[in-house]
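The values are calculated or read from the model by the stated rules, or taken from the named source; none is laboratory data. All values derive from a computational prediction rather than experimental measurement. Using ideal geometry, Cβ is built from the backbone for each residue, glycine included, and neighbour counts are taken over all protein chains shown.
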């Protein structure tokens, strides 16, 4: 069979209906849009995509609770027993070895597998109960503690991944093997865009105050994988121009740029007619989006227009480009303008040593800004349908890596249990789900695997995780893979 004929046979339903030369697809589009149907080569409007436009919001499987997501990923893996999983009994175990019956032959990283002993390091920090839920929160997060009744805490998250690269890949894409579409790309693929001037999926990388142990953050984490390139995340820089080359070079006017893109579009349409590669249309769409972003991005990032009350809410650091507080404010401005999925990364949570010196700075980076983000979304009527997610790729061990003292210690990676939380977007606030043993080492009640977590996120967005698939290498691929995954209904409002 000729390769082009084979390509046409393997194309997906989405590709079939989006091929510009397909008469049936174009007729259906004309029926839906009437006299609003765009003309090839004509510049697109800078207004929101009309409701019902097939290039905009695709129909969910059922009524969604969340329309958009802000995912706050703490790169490195926060220590659950120093933040949200209070274990007061560990004070009596200081510097005693973790019982083998608890460790139970667990696979260890090379960073602690050679230790002769595994001395228990109780958290140095004080905890207190907060809210009607009575959630235990570290003293390092006083602002976050004020809104625990808006959050659903999962203390029983677990994963198979024990090192950063496979772990963060697993958390973001559902697979330890890199190259799969990330969750933001799946959401873009399954639900489409809510605006015409900004990407559906945006990535922001915040800068931590302390940079003692920075993990690599690869662009593979926001790749669209085997999905069309239009679903990949668009990364905004933390300083300088938010996107490189967003501005026209000297001597190139907006009208000239428009004429160049119109000519390029005609050439790409000729290429598509000759070859039929659907990625050619993706390229056209990306060029058009880039042109519209030249007007929308500068306005988006001009936070100087925010009133003083905004900075009182998020904290003074929100004025500092690249800080977590600034990034949280930018995330609000993005979802406010119709961006469906905002992925935020904050580094330096990999506390193998000097945890008590670094963790206070990490918590200070996120604390008031997280509270401010939630309150800001509430005041704008966006909280109820915006899902906020917080967490890392795994947890930390109760035993110390390296030297141990009452005032300082380090912790190794721990995949068996860790804590995450969600808020807004159909989440049942004040929920505390799952339970770990006295050592915060093993789950004793209501385990939640990453697959279950992904299934729950998609459910909140109106998507059945088993039905949202994409054909790749002869398989119907999905975010939650082929193993069993369940929606954690106890987290739903």
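Worth a mention:
- Test: residue in segment 85-103 that is closer than 19 Å to residue 419 by Cα, within 27 Å of the chain's Cα centre (by Cα) and modelled with pLDDT of 95 or more: yes
- Any hit, segment 258-266, residues being on the phi > 0 side of the Ramachandran plot and either at pLDDT 70 or above or part of a helix (DSSP H, G or I) (or both): no
- Unique residue being over 17 Å from the mean Cα position of the chain (by Cα) and surrounded by fewer than 19 Cβ atoms within 10 Å (Cβ to Cβ) when the list is 135, 111, 194: 111
- Within segment 461-483, if we keep just the residues that are touching a strand residue (DSSP E or B) at 6+ places or on another chain (Cβ under 9 Å) and assigned to a loop (DSSP other than H, G, I, E, B), the residue that is surrounded by the most Cβ atoms within 10 Å (Cβ to Cβ) turns out to be 461.
- So residue 375, is it buried (at least 21 other Cβ atoms within 10 Å of the Cβ) and either out of contact with any strand residue (DSSP E or B) (no Cβ under 7 Å at 6 or more places or on another chain) or in a helix (DSSP H, G or I) (or both): no
- Scan of segment 205-225 for residues that are loosely packed, with under 14 Cβ neighbours inside 10 Å and in a helix (DSSP H, G or I), ordered by number: 219
- Residue 169 vs. criteria at pLDDT 95 or above, farther than 19 Å from residue 324 by Cα and within 16 Å of the chain's Cα centre (by Cα): yes
Conditions tested, residue by residue: (1) at pLDDT below 80; (2) farther than 25 Å from residue 67 by Cβ; (3) touching a helix residue (DSSP H, G or I) at 6+ places or on another chain (Cβ under 9 Å); (4) buried (at least 16 other Cβ atoms within 10 Å of the Cβ).
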site: 230; (1), (2), (3), (4): no, no, yes, yes
site: 236; (1), (2), (3), (4): no, no, yes, yes
site: 240; (1), (2), (3), (4): yes, yes, no, no
site: 244; (1), (2), (3), (4): yes, yes, no, no
site: 252; (1), (2), (3), (4): yes, yes, yes, no
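- Every test in (1) surrounded by fewer than 23 Cβ atoms within 10 Å (Cβ to Cβ); (2) over 21 Å from residue 116 (Cβ atoms) is passed by residue 405 save one, and that test is (2).
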